[in-house]
Structures are given as structure tokens and as C-alpha cells.
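Chemist: Here you go, one structure.
Any read-out appearing in this document is the output of simple, stated calculations on the displayed coordinates, not a laboratory observation. Keep in mind that what you see is a predicted model, and the values were worked out from it rather than measured. Cβ sites come from the backbone with ideal geometry, for glycine too, and all protein chains shown count toward neighbours.
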Amino acid sequence: MRPEVAEISAADTHALRLSVLRFDTPTKEVVFPEDELPGSWHLGAHLDGELVATSSWVPREHGAQHAVQLRGMATHRGMQGSGIGGELLERGCELAAERGFSLVWARARDAALAFYERHGFVVEGDGFIDQATQLPHHLVVRPLG
């Protein structure tokens with residue numbers, strides 16, 4: 001079954017951010033300062049009316065490129081690997097291209113690098129430990145268009 005992907009509010013992302021992105025981290029903070037920046041948007045994937053995946057998209061330059069940062073990508077832990085997160089990611093990239101962005105970038109957890117690579121992202125630079133999560137991350141980028 002294909003999920004229904006639609007724009008949602010930042011507040012709608014909080015429960016999944018907590019259960020997926022913050023369940024094993026020192027911080028339980030799920031409100032990002034960028035959530036309400038002008039031009040930011042949030043997507044949710046619903047199955048049978050239940051929100052099962054979320055992502056947030058923040059206009060933020062990367063180098064000299066007109067880019068958008070993907071933040072808070074979270075798929076219900078019982079549904080990871082089902083393709084739902086991939087559909088959400090692809091819809092977000094389509095919207096970013098429609099809105100005139102030339103690049104999507106993210107600070108991806110190393111545990112999720114294979115997911116991003118399957119969707120056309122490439123690793124850029126050396127890895128680092130994210131301060132909030134204390135987990136290894138890499139920057140990933142995907143040109144649009």
C-alpha cells in the first residue's frame with residue numbers, strides 16, 4: 001500500500017521525531033529552531049490515516065548553491081525498510097525542485113547512509129559526531145534536476 005504524502009505542521013512531526021530520532025540519544029528535544037523559518041515545510045506520510053513518516057525541509061544555502069536542508073527524517077521503527085521513507089524523501093525532493101532549489105543536503109546518521117545513497121545522495125567530506133545525538137554523521141548531498 002502506498003502512503004499518502006502531504007504537508008503537515010512542525011508540531012505534527014514531534015511524536016515521530018521523539019520515538020525514532022531521540023529514543024536512544026542524550027537529548028529528547030524535538031523542536032528545531034529552523035522549523036518555523038520562512039519557506040520551511042514539513043511532510044508526513046500517512047497509512048490508513050496514521051502518520052508513519054515525517055521530514056522537514058529548510059531553505060539553507062550549501063556552498064554557493066540555492067539549497068534546502070533535509071532535517072528530522074523519521075520513519076516509524078516498525079515500518080523502516082518498507083519503502084515509505086523513500087517515497088516521502090522522493091516527494092520532498094520533487095517539491096524542492098518545483099520550488100527552485102538546485103540541491104538537497106542533510107546531516108545524515110551513519111546508520112542511514114545506505115538509505116540516502118539508494119536515493120541519489122553522495123557523501124561529502126569527513127564524518128563527525130553530532131552534538132545533540134552523540135552519534136556519527138556525514139553530510140550528504142543530492143543535486144536536483
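Chemist: What residues have an amide H closer than 5 Å to that of LEU144, excluding those fewer than 5 places away on the same chain, when H is modeled at 1.01 Å from N in the peptide plane?
Modeler: LEU103, VAL104
Chemist: Looking at the square roots a ≥ b ≥ c of the eigenvalues of the Cα gyration tensor of the range 7-145, which shape do they give, rounded for a/c under 1.5, prolate if a/b is larger than b/c, or oblate?
Modeler: Numbers: a/c = 1.33, a/b = 1.12, b/c = 1.19.
Since a/c stays below 1.5, the shape of the range 7-145 is classed as rounded.
Chemist: To the nearest 500 deg cm²/dmol, what mean residue ellipticity at 222 nm is calculated for the chain from DSSP H runs of n ≥ 4 alone, each contributing -39,500 (n - 2.57), summed and divided by the residues?
Modeler: Working: 3 runs with 28 residues, N = 145.
Helices in the chain give a 222 nm mean residue ellipticity of -5500 deg cm²/dmol.
Chemist: Then there's this: Please state the shape class of the range 73-141: rounded when a/c is under 1.5, otherwise prolate if a/b exceeds b/c and oblate if not, all from the C-alpha gyration tensor. Mind dumping the intermediate values first?
Modeler: Details: a/c = 1.97, a/b = 1.18, b/c = 1.67.
Because a/c hits 1.5 or more and a/b fails to exceed b/c, the range 73-141 counts as oblate.
Chemist: Moving on. Using alpha-carbon positions, what is the distance between the centroids of the range 71-145 and the range 27-69, in Å?
Modeler: What the calculation gives is 11 Å, centre to centre.
Chemist: State to the nearest 20 debye the size of the charge dipole of the chain about its Cα centre, where the only charges are +1 on K and R beta carbons and -1 on D and E beta carbons. Please list the in-between numbers first.
Modeler: Numbers: 13 positive and 20 negative charges, 40 e Å.
I would put it at about 180 debye.
Chemist: Let me ask something else about it. If amide hydrogens are placed 1.01 Å from N in the peptide plane, which non-local residues have theirs closer than 5 Å to the one on ILE8?
Modeler: HIS42, LEU43, GLY44
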